[in-house]
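**Student:** What follows is a structure written as C-alpha coordinates; I'll ask about it next.
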Amino acid sequence: MIQVDLIIINAGELLSLKGSHLPRIGKEMNDLGIIINGAVALSSGEIKAVGTTEAILDKYESDNVIDVEGKIVMPGFVDPHTHPVFYHTRENEFEMRILGKSYVEISQSGGGIRSSIAAVRKASEDQLFQLAKKRILKMITQGTTTLEAKSGYGLSTESELKMLRVIKRLDEELPIDIIPTFMGAHEFPNEYINNKDEYVRILKEEMMPQVIHDHLAEFCDIFTEDHVYGIELSRDILNRAKDLGFKIRMHVDEIKPLGGAELAAEMGAVSAEHLGAASDKGIQALKDKNVVAVLLPGTIFSLGMKNYARARDMIDRGVTVALATDYNPGSCNCDSMQFIITLATLQMKMTVAEAITASTVNAAYSLQRYNTGSIEPGKQGDILIMDMPSYRYLPYHFGSNNVDTVIKNGKIIYQSAPNISY
Ligand code: NIG
Ligand code: FE
(Lines give C-alpha, C1' and ligand atoms only; values in the text may rest on other atoms or scores of the structure.)
(Ligands and ions follow the chains in the order given, each with its own letter.)
Protein backbone atom coordinates (compact mmCIF):
# COMPACT_ATOMS: atom_id res chain seq x y z
CA MET A 1 0.00 0.00 0.00
CA ILE A 2 1.14 3.52 -0.74
CA GLN A 3 0.97 5.95 2.18
CA VAL A 4 -0.39 9.43 1.32
CA ASP A 5 -1.23 12.61 3.28
CA LEU A 6 -4.95 12.72 2.52
CA ILE A 7 -7.61 10.61 0.82
CA ILE A 8 -11.08 11.89 -0.07
CA ILE A 9 -13.60 9.09 -0.67
CA ASN A 10 -17.23 8.45 -1.63
CA ALA A 11 -17.86 11.45 -3.84
CA GLY A 12 -21.31 11.00 -5.40
CA GLU A 13 -19.74 12.63 -8.45
CA LEU A 14 -16.08 13.58 -8.68
CA LEU A 15 -15.72 16.19 -11.43
CA SER A 16 -12.15 15.51 -12.54
CA LEU A 17 -12.19 17.82 -15.62
CA LYS A 18 -9.42 15.61 -16.92
CA GLY A 19 -8.17 16.21 -20.43
CA SER A 20 -5.33 17.68 -22.41
CA HIS A 21 -3.23 20.56 -21.13
CA LEU A 22 -5.14 22.79 -23.53
CA PRO A 23 -8.23 24.90 -22.93
CA ARG A 24 -11.50 23.08 -23.49
CA ILE A 25 -13.43 24.26 -26.53
CA GLY A 26 -16.72 23.43 -28.25
CA LYS A 27 -18.24 20.13 -27.13
CA GLU A 28 -15.26 19.39 -24.84
CA MET A 29 -16.67 22.00 -22.46
CA ASN A 30 -19.52 19.61 -21.65
CA ASP A 31 -17.19 16.81 -20.53
CA LEU A 32 -16.56 17.11 -16.79
CA GLY A 33 -14.72 13.77 -16.58
CA ILE A 34 -17.16 12.56 -13.93
CA ILE A 35 -16.23 9.61 -11.73
CA ILE A 36 -19.20 8.15 -9.85
CA ASN A 37 -18.31 7.18 -6.27
CA GLY A 38 -15.00 8.93 -6.86
CA ALA A 39 -11.95 9.36 -4.68
CA VAL A 40 -8.69 11.27 -4.77
CA ALA A 41 -5.34 10.68 -3.05
CA LEU A 42 -3.07 13.63 -2.21
CA SER A 43 0.50 13.99 -0.97
CA SER A 44 2.87 16.95 -0.56
CA GLY A 45 0.12 19.30 -1.70
CA GLU A 46 -0.32 17.49 -5.00
CA ILE A 47 -2.86 15.15 -6.48
CA LYS A 48 -1.37 11.65 -6.64
CA ALA A 49 -4.24 9.59 -7.97
CA VAL A 50 -7.90 9.87 -8.95
CA GLY A 51 -10.37 7.03 -9.46
CA THR A 52 -13.28 5.19 -7.93
CA THR A 53 -13.27 4.87 -4.16
CA GLU A 54 -12.67 1.14 -4.53
CA ALA A 55 -9.68 1.57 -6.82
CA ILE A 56 -8.07 4.28 -4.67
CA LEU A 57 -8.52 2.35 -1.39
CA ASP A 58 -7.00 -0.71 -3.05
CA LYS A 59 -3.70 1.06 -3.58
CA TYR A 60 -3.49 4.00 -1.14
CA GLU A 61 -3.81 4.46 2.60
CA SER A 62 -3.67 7.50 4.88
CA ASP A 63 -4.18 8.55 8.51
CA ASN A 64 -6.34 11.27 7.09
CA VAL A 65 -9.39 10.00 5.19
CA ILE A 66 -12.37 12.25 4.51
CA ASP A 67 -15.59 10.37 3.71
CA VAL A 68 -17.73 12.93 1.86
CA GLU A 69 -20.77 10.62 1.95
CA GLY A 70 -22.04 11.29 -1.55
CA LYS A 71 -21.24 14.99 -1.78
CA ILE A 72 -19.74 16.46 -4.97
CA VAL A 73 -15.95 16.84 -5.30
CA MET A 74 -14.66 19.29 -7.89
CA PRO A 75 -11.68 21.57 -8.66
CA GLY A 76 -11.45 24.88 -6.79
CA PHE A 77 -12.81 27.88 -8.66
CA VAL A 78 -10.35 30.08 -10.53
CA ASP A 79 -11.55 33.70 -10.71
CA PRO A 80 -9.50 35.32 -13.51
CA HIS A 81 -10.74 38.94 -13.34
CA THR A 82 -11.09 40.92 -10.10
CA HIS A 83 -10.36 44.36 -8.63
CA PRO A 84 -10.27 43.55 -4.88
CA VAL A 85 -7.93 46.33 -3.67
CA PHE A 86 -9.89 49.53 -3.01
CA TYR A 87 -10.82 51.70 -0.05
CA HIS A 88 -14.53 52.50 0.05
CA THR A 89 -17.50 50.79 -1.53
CA ARG A 90 -19.87 52.58 -3.97
CA GLU A 91 -23.36 51.33 -3.12
CA ASN A 92 -24.66 54.86 -3.76
CA GLU A 93 -23.97 54.30 -7.48
CA PHE A 94 -25.85 50.98 -7.40
CA GLU A 95 -28.93 52.88 -6.26
CA MET A 96 -28.35 55.72 -8.76
CA ARG A 97 -28.47 53.10 -11.51
CA ILE A 98 -31.73 51.70 -10.16
CA LEU A 99 -33.12 55.23 -10.35
CA GLY A 100 -32.17 55.45 -14.02
CA LYS A 101 -28.56 56.73 -14.37
CA SER A 102 -26.17 54.72 -16.51
CA TYR A 103 -22.66 53.58 -15.53
CA VAL A 104 -21.09 55.97 -18.04
CA GLU A 105 -23.26 58.91 -16.89
CA ILE A 106 -22.28 58.28 -13.27
CA SER A 107 -18.63 58.04 -14.22
CA GLN A 108 -18.79 61.29 -16.25
CA SER A 109 -20.44 63.17 -13.39
CA GLY A 110 -17.68 62.50 -10.87
CA GLY A 111 -18.53 58.95 -9.76
CA GLY A 112 -17.15 55.76 -11.21
CA ILE A 113 -13.55 54.65 -11.10
CA ARG A 114 -12.24 58.17 -10.52
CA SER A 115 -14.24 58.49 -7.31
CA SER A 116 -12.27 55.55 -5.90
CA ILE A 117 -8.90 57.17 -6.55
CA ALA A 118 -8.54 59.80 -3.81
CA ALA A 119 -9.17 57.39 -0.93
CA VAL A 120 -6.81 54.75 -2.33
CA ARG A 121 -4.07 57.36 -2.70
CA LYS A 122 -4.56 58.47 0.91
CA ALA A 123 -4.82 54.98 2.43
CA SER A 124 -1.77 53.26 3.86
CA GLU A 125 -0.50 50.04 2.33
CA ASP A 126 -1.53 48.19 5.46
CA GLN A 127 -5.08 49.60 5.44
CA LEU A 128 -5.53 48.50 1.83
CA PHE A 129 -4.08 45.10 2.67
CA GLN A 130 -6.45 44.53 5.61
CA LEU A 131 -9.52 45.56 3.60
CA ALA A 132 -8.63 43.37 0.62
CA LYS A 133 -7.70 40.45 2.89
CA LYS A 134 -11.17 40.43 4.43
CA ARG A 135 -12.76 40.44 0.97
CA ILE A 136 -10.59 37.62 -0.33
CA LEU A 137 -11.20 35.47 2.77
CA LYS A 138 -14.89 35.71 1.91
CA MET A 139 -14.16 34.61 -1.66
CA ILE A 140 -12.30 31.60 -0.25
CA THR A 141 -15.34 30.55 1.78
CA GLN A 142 -17.19 30.49 -1.55
CA GLY A 143 -14.69 28.19 -3.20
CA THR A 144 -12.17 30.44 -4.96
CA THR A 145 -8.69 28.91 -4.78
CA THR A 146 -6.91 31.00 -7.45
CA LEU A 147 -7.54 34.67 -8.16
CA GLU A 148 -6.33 37.35 -10.54
CA ALA A 149 -6.18 40.85 -9.00
CA LYS A 150 -5.73 44.16 -10.78
CA SER A 151 -4.38 47.53 -9.73
CA GLY A 152 -6.04 50.60 -11.27
CA TYR A 153 -7.45 52.71 -8.44
CA GLY A 154 -4.19 54.58 -7.80
CA LEU A 155 -3.48 56.06 -11.24
CA SER A 156 -0.20 57.61 -10.11
CA THR A 157 3.14 55.84 -10.12
CA GLU A 158 3.32 55.81 -6.35
CA SER A 159 -0.25 54.59 -5.76
CA GLU A 160 -0.25 51.98 -8.52
CA LEU A 161 2.95 50.51 -7.09
CA LYS A 162 1.38 50.59 -3.63
CA MET A 163 -1.63 48.62 -4.89
CA LEU A 164 0.60 46.06 -6.59
CA ARG A 165 2.68 45.62 -3.42
CA VAL A 166 -0.59 44.98 -1.56
CA ILE A 167 -1.51 42.32 -4.12
CA LYS A 168 1.93 40.74 -3.71
CA ARG A 169 1.52 40.64 0.08
CA LEU A 170 -1.97 39.13 -0.28
CA ASP A 171 -0.48 36.36 -2.40
CA GLU A 172 2.26 35.76 0.17
CA GLU A 173 0.09 35.80 3.27
CA LEU A 174 -3.20 34.24 2.14
CA PRO A 175 -3.45 30.52 1.37
CA ILE A 176 -4.61 30.90 -2.25
CA ASP A 177 -2.69 31.95 -5.39
CA ILE A 178 -3.19 35.59 -6.35
CA ILE A 179 -1.93 36.69 -9.76
CA PRO A 180 -1.15 40.39 -10.26
CA THR A 181 -2.21 42.55 -13.21
CA PHE A 182 -1.15 46.16 -13.72
CA MET A 183 -4.09 48.36 -14.79
CA GLY A 184 -2.83 51.94 -14.79
CA ALA A 185 -4.94 52.43 -17.92
CA HIS A 186 -8.21 51.94 -16.02
CA GLU A 187 -9.26 55.62 -16.32
CA PHE A 188 -7.65 59.06 -16.43
CA PRO A 189 -7.13 60.68 -13.02
CA ASN A 190 -8.77 64.07 -12.43
CA GLU A 191 -5.52 66.04 -12.66
CA TYR A 192 -4.87 64.80 -16.21
CA ILE A 193 -8.41 64.87 -17.54
CA ASN A 194 -7.46 67.84 -19.75
CA ASN A 195 -3.95 66.61 -20.43
CA LYS A 196 -4.37 62.95 -21.29
CA ASP A 197 -1.16 62.84 -23.32
CA GLU A 198 0.86 63.52 -20.20
CA TYR A 199 -0.88 60.72 -18.31
CA VAL A 200 -0.16 58.33 -21.17
CA ARG A 201 3.49 59.43 -21.07
CA ILE A 202 3.66 58.71 -17.33
CA LEU A 203 2.01 55.33 -17.91
CA LYS A 204 4.45 54.33 -20.62
CA GLU A 205 7.64 55.94 -19.36
CA GLU A 206 7.33 55.79 -15.57
CA MET A 207 4.74 53.32 -14.31
CA MET A 208 5.20 50.41 -16.70
CA PRO A 209 9.02 50.24 -16.54
CA GLN A 210 8.90 50.50 -12.73
CA VAL A 211 6.30 47.72 -12.41
CA ILE A 212 8.46 45.47 -14.58
CA HIS A 213 11.61 46.45 -12.70
CA ASP A 214 10.01 45.61 -9.34
CA HIS A 215 8.48 42.34 -10.71
CA LEU A 216 5.08 43.45 -9.48
CA ALA A 217 2.82 42.30 -12.33
CA GLU A 218 2.73 39.61 -14.95
CA PHE A 219 -0.12 41.03 -17.04
CA CYS A 220 -1.03 44.52 -18.24
CA ASP A 221 -4.73 45.35 -18.67
CA ILE A 222 -6.55 48.34 -20.19
CA PHE A 223 -10.15 49.60 -20.23
CA THR A 224 -10.72 49.92 -23.99
CA GLU A 225 -14.04 51.72 -24.28
CA ASP A 226 -15.27 54.91 -25.91
CA HIS A 227 -15.31 57.03 -22.73
CA VAL A 228 -11.84 55.96 -21.56
CA TYR A 229 -9.16 54.44 -23.86
CA GLY A 230 -10.12 54.30 -27.54
CA ILE A 231 -8.68 51.85 -30.06
CA GLU A 232 -5.69 53.91 -31.26
CA LEU A 233 -4.61 54.89 -27.78
CA SER A 234 -5.04 51.33 -26.51
CA ARG A 235 -2.88 49.99 -29.34
CA ASP A 236 -0.14 52.48 -28.54
CA ILE A 237 -0.14 51.72 -24.79
CA LEU A 238 -0.29 47.96 -25.30
CA ASN A 239 2.58 48.00 -27.79
CA ARG A 240 4.71 49.63 -25.12
CA ALA A 241 3.52 47.08 -22.54
CA LYS A 242 4.45 44.21 -24.85
CA ASP A 243 7.88 45.69 -25.55
CA LEU A 244 8.52 45.81 -21.81
CA GLY A 245 7.56 42.16 -21.42
CA PHE A 246 4.01 42.29 -20.09
CA LYS A 247 1.44 39.75 -21.22
CA ILE A 248 -1.82 41.41 -22.22
CA ARG A 249 -5.37 41.16 -20.86
CA MET A 250 -8.01 43.66 -22.01
CA HIS A 251 -11.41 45.02 -20.91
CA VAL A 252 -13.13 45.27 -24.30
CA ASP A 253 -16.52 45.83 -25.94
CA GLU A 254 -18.34 46.03 -22.61
CA ILE A 255 -20.65 48.88 -23.49
CA LYS A 256 -20.09 49.69 -27.18
CA PRO A 257 -18.90 47.53 -30.10
CA LEU A 258 -15.68 49.47 -30.52
CA GLY A 259 -13.59 46.75 -32.14
CA GLY A 260 -11.90 45.84 -28.88
CA ALA A 261 -12.08 42.09 -29.52
CA GLU A 262 -10.42 42.63 -32.90
CA LEU A 263 -7.69 44.68 -31.22
CA ALA A 264 -7.15 41.98 -28.55
CA ALA A 265 -6.59 39.48 -31.38
CA GLU A 266 -4.25 41.84 -33.24
CA MET A 267 -2.20 42.45 -30.08
CA GLY A 268 -1.90 38.74 -29.30
CA ALA A 269 -3.62 39.32 -25.94
CA VAL A 270 -3.94 36.34 -23.61
CA SER A 271 -7.53 37.29 -22.88
CA ALA A 272 -10.32 39.64 -23.92
CA GLU A 273 -12.80 40.31 -21.14
CA HIS A 274 -16.45 41.54 -20.92
CA LEU A 275 -17.35 41.29 -24.68
CA GLY A 276 -21.09 41.95 -24.27
CA ALA A 277 -21.00 44.16 -27.35
CA ALA A 278 -18.41 42.21 -29.37
CA SER A 279 -19.05 41.91 -33.11
CA ASP A 280 -19.16 38.68 -35.14
CA LYS A 281 -15.83 39.65 -36.67
CA GLY A 282 -14.40 40.23 -33.22
CA ILE A 283 -15.57 36.83 -32.00
CA GLN A 284 -14.04 35.12 -35.03
CA ALA A 285 -10.78 37.01 -34.46
CA LEU A 286 -10.62 35.71 -30.87
CA LYS A 287 -10.99 32.19 -32.21
CA ASP A 288 -8.36 32.66 -34.93
CA LYS A 289 -5.76 34.08 -32.53
CA ASN A 290 -6.52 31.82 -29.55
CA VAL A 291 -7.52 34.68 -27.25
CA VAL A 292 -9.51 33.48 -24.24
CA ALA A 293 -12.91 35.19 -23.87
CA VAL A 294 -13.40 35.91 -20.16
CA LEU A 295 -17.10 36.60 -19.70
CA LEU A 296 -18.40 38.65 -16.77
CA PRO A 297 -22.17 38.24 -16.55
CA GLY A 298 -22.23 39.63 -12.99
CA THR A 299 -21.31 43.06 -14.33
CA ILE A 300 -24.13 43.14 -16.87
CA PHE A 301 -26.50 41.96 -14.13
CA SER A 302 -25.30 44.57 -11.65
CA LEU A 303 -25.41 47.37 -14.23
CA GLY A 304 -29.01 46.40 -15.00
CA MET A 305 -28.09 45.94 -18.66
CA LYS A 306 -29.26 43.30 -21.09
CA ASN A 307 -26.29 42.73 -23.39
CA TYR A 308 -24.88 39.54 -21.90
CA ALA A 309 -21.97 38.24 -23.95
CA ARG A 310 -22.97 35.79 -26.69
CA ALA A 311 -21.47 32.76 -25.02
CA ARG A 312 -23.36 30.31 -27.25
CA ASP A 313 -21.99 31.84 -30.44
CA MET A 314 -18.50 31.87 -28.94
CA ILE A 315 -18.63 28.24 -27.81
CA ASP A 316 -20.18 27.10 -31.09
CA ARG A 317 -17.36 28.82 -33.00
CA GLY A 318 -14.71 27.19 -30.84
CA VAL A 319 -13.61 30.23 -28.83
CA THR A 320 -12.15 29.35 -25.41
CA VAL A 321 -14.63 30.69 -22.85
CA ALA A 322 -13.87 31.39 -19.18
CA LEU A 323 -15.97 33.05 -16.48
CA ALA A 324 -15.02 35.54 -13.74
CA THR A 325 -16.72 37.72 -11.14
CA ASP A 326 -15.15 41.12 -12.06
CA TYR A 327 -15.42 41.78 -8.30
CA ASN A 328 -15.00 45.57 -7.88
CA PRO A 329 -16.57 48.45 -5.92
CA GLY A 330 -18.40 49.97 -8.88
CA SER A 331 -19.89 47.86 -11.62
CA CYS A 332 -20.01 44.47 -9.87
CA ASN A 333 -19.66 43.82 -6.15
CA CYS A 334 -20.00 40.06 -6.54
CA ASP A 335 -17.49 37.72 -4.89
CA SER A 336 -19.18 34.41 -5.71
CA MET A 337 -18.21 32.25 -8.68
CA GLN A 338 -21.26 30.14 -7.80
CA PHE A 339 -23.57 33.07 -8.54
CA ILE A 340 -21.66 33.78 -11.76
CA ILE A 341 -22.37 30.18 -12.82
CA THR A 342 -26.07 30.75 -12.15
CA LEU A 343 -26.02 33.86 -14.37
CA ALA A 344 -23.99 32.13 -17.08
CA THR A 345 -26.56 29.35 -17.32
CA LEU A 346 -29.71 31.44 -17.01
CA GLN A 347 -28.69 34.53 -18.98
CA MET A 348 -26.11 33.23 -21.47
CA LYS A 349 -27.61 29.75 -21.91
CA MET A 350 -24.41 27.93 -21.09
CA THR A 351 -24.98 24.39 -19.89
CA VAL A 352 -24.08 23.74 -16.27
CA ALA A 353 -21.10 21.66 -17.40
CA GLU A 354 -19.87 24.41 -19.74
CA ALA A 355 -20.12 26.98 -16.95
CA ILE A 356 -18.16 24.73 -14.56
CA THR A 357 -15.46 24.15 -17.18
CA ALA A 358 -15.30 27.92 -17.77
CA SER A 359 -14.88 28.57 -14.02
CA THR A 360 -12.16 26.02 -13.39
CA VAL A 361 -9.85 24.65 -16.06
CA ASN A 362 -10.45 27.31 -18.74
CA ALA A 363 -10.19 30.10 -16.16
CA ALA A 364 -6.85 28.65 -14.99
CA TYR A 365 -5.53 28.44 -18.54
CA SER A 366 -6.64 32.05 -19.17
CA LEU A 367 -4.09 32.93 -16.46
CA GLN A 368 -1.55 30.52 -17.95
CA ARG A 369 -1.74 28.44 -14.78
CA TYR A 370 -1.58 24.85 -15.99
CA ASN A 371 -1.15 23.32 -12.53
CA THR A 372 -4.70 23.87 -11.27
CA GLY A 373 -8.30 23.84 -12.56
CA SER A 374 -8.72 20.05 -12.74
CA ILE A 375 -8.29 17.02 -10.48
CA GLU A 376 -5.51 15.13 -12.24
CA PRO A 377 -2.29 13.50 -10.99
CA GLY A 378 0.54 16.05 -10.76
CA LYS A 379 -1.71 19.09 -10.33
CA GLN A 380 -1.99 21.16 -7.15
CA GLY A 381 -4.49 19.78 -4.65
CA ASP A 382 -7.03 22.60 -5.17
CA ILE A 383 -10.33 20.89 -4.42
CA LEU A 384 -13.86 21.71 -3.26
CA ILE A 385 -16.27 19.45 -1.44
CA MET A 386 -19.71 20.77 -2.37
CA ASP A 387 -22.84 20.03 -0.36
CA MET A 388 -24.92 19.08 -3.39
CA PRO A 389 -26.58 15.87 -4.64
CA SER A 390 -25.36 16.41 -8.23
CA TYR A 391 -23.29 18.94 -10.16
CA ARG A 392 -26.44 20.28 -11.83
CA TYR A 393 -27.58 21.52 -8.42
CA LEU A 394 -24.87 24.23 -8.40
CA PRO A 395 -26.64 27.06 -10.34
CA TYR A 396 -30.09 25.83 -9.33
CA HIS A 397 -29.50 26.56 -5.64
CA PHE A 398 -28.49 30.20 -6.03
CA GLY A 399 -28.02 32.94 -3.47
CA SER A 400 -26.60 30.37 -1.09
CA ASN A 401 -23.14 28.96 -0.50
CA ASN A 402 -22.97 25.30 -1.52
CA VAL A 403 -19.37 24.93 -0.36
CA ASP A 404 -18.72 22.43 2.42
CA THR A 405 -14.89 22.35 2.40
CA VAL A 406 -12.13 24.19 0.53
CA ILE A 407 -8.77 22.46 0.06
CA LYS A 408 -5.77 24.37 -1.32
CA ASN A 409 -2.45 22.67 -2.04
CA GLY A 410 -3.75 19.58 -0.25
CA LYS A 411 -4.67 21.42 2.99
CA ILE A 412 -8.12 22.27 4.31
CA ILE A 413 -8.36 26.06 4.38
CA TYR A 414 -12.11 26.40 5.02
CA GLN A 415 -14.87 24.24 6.39
CA SER A 416 -18.48 25.40 6.68
CA ALA A 417 -19.77 25.18 10.23
CA PRO A 418 -23.48 25.70 10.71
CA ASN A 419 -23.58 27.26 14.16
CA ILE A 420 -27.17 28.24 14.62
CA SER A 421 -28.29 27.26 18.12
CA TYR A 422 -31.84 26.05 18.62
O1 NIG B 1 -14.50 45.75 -15.12
N2 NIG B 1 -14.33 48.20 -16.53
C3 NIG B 1 -13.51 48.64 -15.76
N4 NIG B 1 -13.36 48.20 -14.54
C5 NIG B 1 -14.38 47.65 -13.79
C6 NIG B 1 -15.19 48.72 -13.14
C7 NIG B 1 -14.45 49.34 -12.05
C8 NIG B 1 -15.21 50.37 -11.26
O9 NIG B 1 -16.32 50.82 -11.68
O10 NIG B 1 -14.67 50.74 -10.22
C11 NIG B 1 -15.14 46.67 -14.64
O12 NIG B 1 -16.36 46.77 -14.81
FE1 FE C 1 -13.01 44.69 -14.54
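The values are calculated or read from the model by the stated rules, or taken from the named source; none is laboratory data. Only a predicted model underlies this, so the values are computations on that prediction, with no experimental measurement involved. Quick reminder, even Gly has a Cβ in these numbers, built from the backbone with ideal geometry, and neighbours come from all protein chains shown.
**Student:** Out of the range 98-146, which residues are under 20 Å from Glu172 (Cβ atoms), surrounded by fewer than 21 Cβ atoms within 10 Å (Cβ to Cβ) and hydroxyl-bearing (Ser, Thr, Tyr)?
**Tutor:** Passing the criteria: only Ser124.
**Student:** Which numbered condition trips up Glu69, out of (1) over 26 Å from Thr320 (Cα atoms); (2) assigned to a loop (DSSP other than H, G, I, E, B); (3) within 16 Å of ligand 2 (Cβ to nearest atom)?
**Tutor:** (3)
**Student:** Do we have any residue at all in the range 179-189 that's farther than 23 Å from Phe77 by Cβ, touching a residue at least 40 places away in the same chain (Cβ under 8 Å) and surrounded by fewer than 17 Cβ atoms within 10 Å (Cβ to Cβ)? Even if it seems obvious, please write down each step before you answer.
**Tutor:** Looking only at the range 179-189, we keep the residues that are farther than 23 Å from Phe77 by Cβ, and these are 182, 184-189.
Okay, now just the ones that are also touching a residue at least 40 places away in the same chain (Cβ under 8 Å), so 182, 185-189.
With the extra rule that they be surrounded by fewer than 17 Cβ atoms within 10 Å (Cβ to Cβ), the set shrinks to none.
For the range 179-189, residues farther than 23 Å from Phe77 by Cβ, touching a residue at least 40 places away in the same chain (Cβ under 8 Å) and surrounded by fewer than 17 Cβ atoms within 10 Å (Cβ to Cβ): absent.
**Student:** What about Leu263, is it farther than 20 Å from Ser151 by Cβ, away from ligand 1 (no atom under 14 Å from the Cβ) and at pLDDT 95 or above?
**Tutor:** The answer is yes for Leu263.
**Student:** Quick test for you: out of Gly318, Gly298, Gly304, pick the one residue that is within 15 Å of ligand 2 (Cβ to nearest atom) and either in a loop (DSSP other than H, G, I, E, B) or of a type outside the set (S, T, N, Q) (or both).
**Tutor:** Matching residue, one of Gly318, Gly298, Gly304: Gly298.
To keep it simple, each residue is scored yes or no on (1) under 12 Å from the mean Cα position of the chain (by Cα); (2) more than 16 Å from ligand 2 (Cβ to nearest atom); (3) buried (at least 21 other Cβ atoms within 10 Å of the Cβ); (4) farther than 30 Å from Phe94 by Cα.
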| position | (1), (2), (3), (4) |
| --- | --- |
| Tyr327 | yes, no, yes, no |
| Ser331 | no, no, yes, no |
| Met337 | yes, no, yes, no |
| Met350 | no, yes, yes, no |
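**Student:** Now for a different question. For the range 291-306, state whether one or more residues are surrounded by fewer than 21 Cβ atoms within 10 Å (Cβ to Cβ), in contact (Cβ under 8 Å) with a residue 12 or more places away in the chain and over 26 Å from Lys101 (Cβ atoms).
**Tutor:** Checking the range 291-306: not a single residue is surrounded by fewer than 21 Cβ atoms within 10 Å (Cβ to Cβ), in contact (Cβ under 8 Å) with a residue 12 or more places away in the chain and over 26 Å from Lys101 (Cβ atoms).
**Student:** Let me ask something else about it. Would you point out which residue out of Leu258, Leu275, Leu216 is in contact (Cβ under 8 Å) with a residue 24 or more places away in the chain, in contact with an Asp or Glu (Cβ under 8 Å, 6 or more places away or on another chain) and under 30 Å from Leu137 (Cα atoms)?
**Tutor:** Values: Leu258 fails: under 30 Å from Leu137 (Cα atoms); Leu216 fails: in contact with an Asp or Glu (Cβ under 8 Å, 6 or more places away or on another chain).
Just one listed residue meets the conditions, Leu275.
**Student:** Specify the residue that is surrounded by the most Cβ atoms within 10 Å (Cβ to Cβ); the eligible residues are those in the range 72-93 that are within 11 Å of ligand 1 (Cβ to nearest atom) and not in a loop (DSSP other than H, G, I, E, B).
**Tutor:** Among those that are within 11 Å of ligand 1 (Cβ to nearest atom) and not in a loop (DSSP other than H, G, I, E, B), it is Thr82.
**Student:** Further, regarding this structure: List the helices (runs of 4 or more DSSP H) that sit entirely inside the range 151-257 and contain at least 3 residues that are within 16 Å of ligand 1 (Cβ to nearest atom).
**Tutor:** Counting at least 3 such residues, we get 157-173, 231-244.
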